[in-house]
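Beneath this line is the structure, given in structure tokens, with notes to follow.
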Amino acid sequence: PLSLQPGSAPVRREGAPSAPFWHPSPLPPLAQRGLASRSAMPSAAGATLKRTKTAQPGLPMISESGETTASEDAEEGSAADTTELDSDGRPREVAQFEAPAEQKRWLRAYTRLSKTISLASDVPISEQVRVVTAHLERTGCRKYNQASGTHEMFPLTTSPSTLGKYGVGVQLYFEFLLSMALLFLMLFLVSMPMMVYNSAGTLIEDFPTTSDASRHYKLISYFTLGNVGSCPVGTCGTREALRERLLQRGDPTKVMDIAWIFGFVDALALVLFMSFAAVFHFWWVPRTIAAQDDKNVTAADYAVSVTGLPRLLPAGKHASYAALLQHHFTKLLRDAGVEEENPVKEISLVRNFDGALAEFIYQGHLLHDVHNWELNRTKALDAERYDDAKWFDTKVKRLKQRVVAMENSLEKHISMSDGHRQVCQAFVMFNRESQKNLILRRYQRSGSILRRLLFQPRDLRFFNRPLKVEQAKEPTELYWENLDYPMVKHRYRMCLTGVVALALILLCGMILAPLRSVETKIDTSIKAHDLWVIRRAESEGGLPGSQCLRVCEWSVSDNIDCLSADWTITRVWGQSDTIENAAGRNDTCEVAYTSAGCESDSVARAWLALDLEKERSVRCMQVYQPTDKAAQELEVYACHSGDFGYDSMSSDDWFKSCTRMMNIFPSEREATQVQLDGTCVLPVDIEAAKQALEEVSEGAEVWADPRVGCFCKQQAKQDGTMFRLP
């Protein structure tokens, strides 16, 4: 990275960098640990084991004379690399690796690590903490205070543009967070009217399935569209009733009257969000990148990425790959009029390690773990905690076995030098930004593979291979371990992932389709009954006139359009009297029936029963009422007259033996469809469930009748595990 003195001005881009911007070897630190030493390793057979006082028990060392030593602690209770524990947890001397080859591989792996980093633990902890803290302050996200000579943390008021020197991605990240905060604040203000209407509704409390939910879920639901409007129990059994529900109880405004406000607010919020996405992506990001590029000097300002290179050069030239590539770009700059002696500052080649870099990194982590567990083992032995020491010793053995196993798989890469590896990609750094821009302009017409193969000039090719040259990314944005991953394998994995995902979707569809076809169908057809009853809905209980029911005409039909049916009506009877001829068109609406509660102080809800000559399946009915005290909602029941007589209907328990239908809302202009309650919104009594069991036809599923299913769900919700669903 570019090195700047604290407080100094950035280097001008036309000046040559004083130090390499790009790491000469594009390997991550842990991978360098795995490849740091390729020199001949001393053999394990000639290794001299010495009992040396050291703070690194169990780790081999290379002496100044080149001999390999295995360090051990001579004091009592210590453990060395050749120390094992017996069945009682006591240390005993045995060979760590029986085969000399395994010992050699272990020493070779550890030597590479010890030559790259220091594992010395004889440095006091306080000194190690001080060094690490100083390194963190020097390299972390801090600003340099010239007055005090220290590195200080940035205040919370720091603007995102100030953090642009750490990379444009850091600046864009914080700008994106700030922009999203402002955007969601705007969306919150825009959606406030919708939230007010939603919170004023009672739909969550009106349905039993949601009214018994926990407070947490109900609190969230209060501000959603699922709560808008008011729908007392049983009043929204049909889609028409749900669509025509009131906005609030006692308010004549319907939800449909203000639905356009919801649509407008939703559309406005969507437009704001999409506009923000378009502006941020197509305008803000390019503008920020350009501004950050002009303000901060980074390695990418001078570098280009080169792909399409030949993986291997002809015999005798591959070892000089970097020099030949440097000569190629130098010649292009010479032809363009650049007279600088060495315009190419640095060539960094991405070699093909065949995915071994990640394995080297993992091996470095394993070697670290071995060191840490051996320290823990030593401390446990010093404290005479032999059980813990035995467990630590087992961990060390397993880790060392994994290191040796990985060493076997990495044998080919360890013995191969960089000069013999294939080249996948290259990063070329120039002395001046103008030189980089000149090269980018020369290759700007070679973006697509077809144009490179057919139209790229010969002087732009490298060993007759068409090149693709692009602006290089920042070194910190590159994942070095994956740069040698072939594009063919990358696309193969993408295709494989897509095929597997598609196969899973098809498999789920193949499994769900048969299950859906064999599931129990709910039979909502209307069974034949000879006694049909209507009464004022429970939602009107307690309201003025709720105990009174006046009817001018009441007609029933087996057609959903309420076309006239030639049915013989035996009688129409009510709570206190019997009316022989209440059915039939009455144009003057002279009241044919008046319940007893209309002339007394009765508090019972008025009802009216229609007795047919034989059992019929009623699918539609029309009820005409006087306008002064008309019921807005009526409950409908289907009964069998043989189950009880007139006297039993005088009590309040008669409806428990009947089948409950969805509530109807009488209208002077429209017929009302009669539907069986299959939503389980209305309560089902046990007598009605028993009646449903008796009506189940032979061979049919018992649970197909919604009265049985709803009763079971009702009991399961009420009694919990005492009553289980089938």
Problem set entry | Residue in the stretch 228-240 that is modelled with pLDDT of 80 or more, open to solvent by 40 Å² or more (accessible area, probe 1.4 Å) and in a helix (DSSP H, G or I) present | no
For this session: Check every one of the helices (runs of 4 or more DSSP H) wholly within the stretch 623-721 and list those with 3 or more residues that are modelled with pLDDT of 65 or more.
Result: 686-695, 706-719
Problem set entry | Cβ-Cβ under 6 Å pairs, at least 6 apart or on other chains, the stretch 660-671 side closer than 16 Å to GLU553 by Cβ, far side modelled with pLDDT under 80 and crowded, with 18+ Cβ neighbours inside 10 Å | ILE664/THR672; ALA671/CYS562
For this session: Could you check ALA259 against (1) surrounded by fewer than 14 Cβ atoms within 10 Å (Cβ to Cβ); (2) within 30 Å of ILE347 (Cα to Cα) and say which number it fails?
Result: (2)
For this session: Would you please list the contacts, defined by Cβ atoms under 7 Å and residues six or more apart or on different chains, that run from a residue in the stretch 326-341 that is closer than 14 Å to LYS436 by Cβ to a residue that is open to solvent by 70 Å² or more (accessible area, probe 1.4 Å)?
Result: LEU332/ARG442
Exercise. Can you tell me which residues in the stretch 180-201 are open to solvent by less than 40 Å² (accessible area, probe 1.4 Å) and β-branched (Val, Ile, Thr)?
Worked result: VAL190
Exercise. In the stretch 410-439, what count of residues is obtained for those that are open to solvent by 20 Å² or more (accessible area, probe 1.4 Å) and closer than 30 Å to ASP354 by Cα?
Worked result: 11
Seminar exercise, completed: Out of (1) over 40 Å from the mean Cα position of the chain (by Cα); (2) of a type outside the set (A, V, I, L, M); (3) open to solvent by less than 50 Å² (accessible area, probe 1.4 Å); (4) modelled with pLDDT of 90 or more, the one SER348 does not meet is (1)
Seminar exercise, completed: So, first residue farther than 16 Å from ARG142 by Cβ in the stretch 160-171, second residue open to solvent by 50 Å² or more (accessible area, probe 1.4 Å) and hydroxyl-bearing (Ser, Thr, Tyr), Cβ within less than 9 Å, six or more apart or across chains; the pairs are PRO160/TYR173; GLY169/THR476; GLN171/THR162
Exercise. Does the stretch 187-206 include one or more residues that are free of Cβ contacts under 8 Å to residues at least 24 places away in the same chain, of a type outside the set (S, T, N, Q) and closer than 30 Å to PRO286 by Cβ?
Worked result: yes
For this session: May I ask you to list the residues in the stretch 137-160 that are surrounded by 12 or more Cβ atoms within 10 Å (Cβ to Cβ) and hydrophobic (A, V, I, L, M, F, W, C)?
Result: CYS141, PHE154
Exercise. Among the residues of the stretch 248-265, is any within 30 Å of TYR197 (Cα to Cα) and basic (Lys, Arg)?
Worked result: yes
Exercise. Restricting the stretch 379-409 to residues that are open to solvent by 80 Å² or more (accessible area, probe 1.4 Å) and outside any helix (DSSP H, G or I), which is farthest from GLY355 (Cα to Cα)?
Worked result: GLU384
Problem set entry | Enumeration of residues in the stretch 309-326 that are open to solvent by 30 Å² or more (accessible area, probe 1.4 Å) and either at pLDDT 90 or above or out of contact with any helix residue (DSSP H, G or I) (no Cβ under 6 Å at 6 or more places or on another chain) (or both) | ARG311, LEU312, PRO314, ALA315, GLY316, LYS317, SER320, ALA322, ALA323, LEU324, GLN326
Seminar exercise, completed: Checked the stretch 415-444 for anything under 40 Å from the mean Cα position of the chain (by Cα) and in a loop (DSSP other than H, G, I, E, B); matches are GLN422, GLN444
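The values are calculated or read from the model by the stated rules, or taken from the named source; none is laboratory data. Just so you know, these numbers come straight off a predicted model, no measurement behind them. Cβ sites come from the backbone with ideal geometry, for glycine too, and all protein chains shown count toward neighbours. Surface areas here come from the heavy atoms of the whole protein model, side chains and all, with no ligands, DNA or RNA. Shrake-Rupley method; radii C 1.70, N 1.55, O 1.52, S 1.80 Å.
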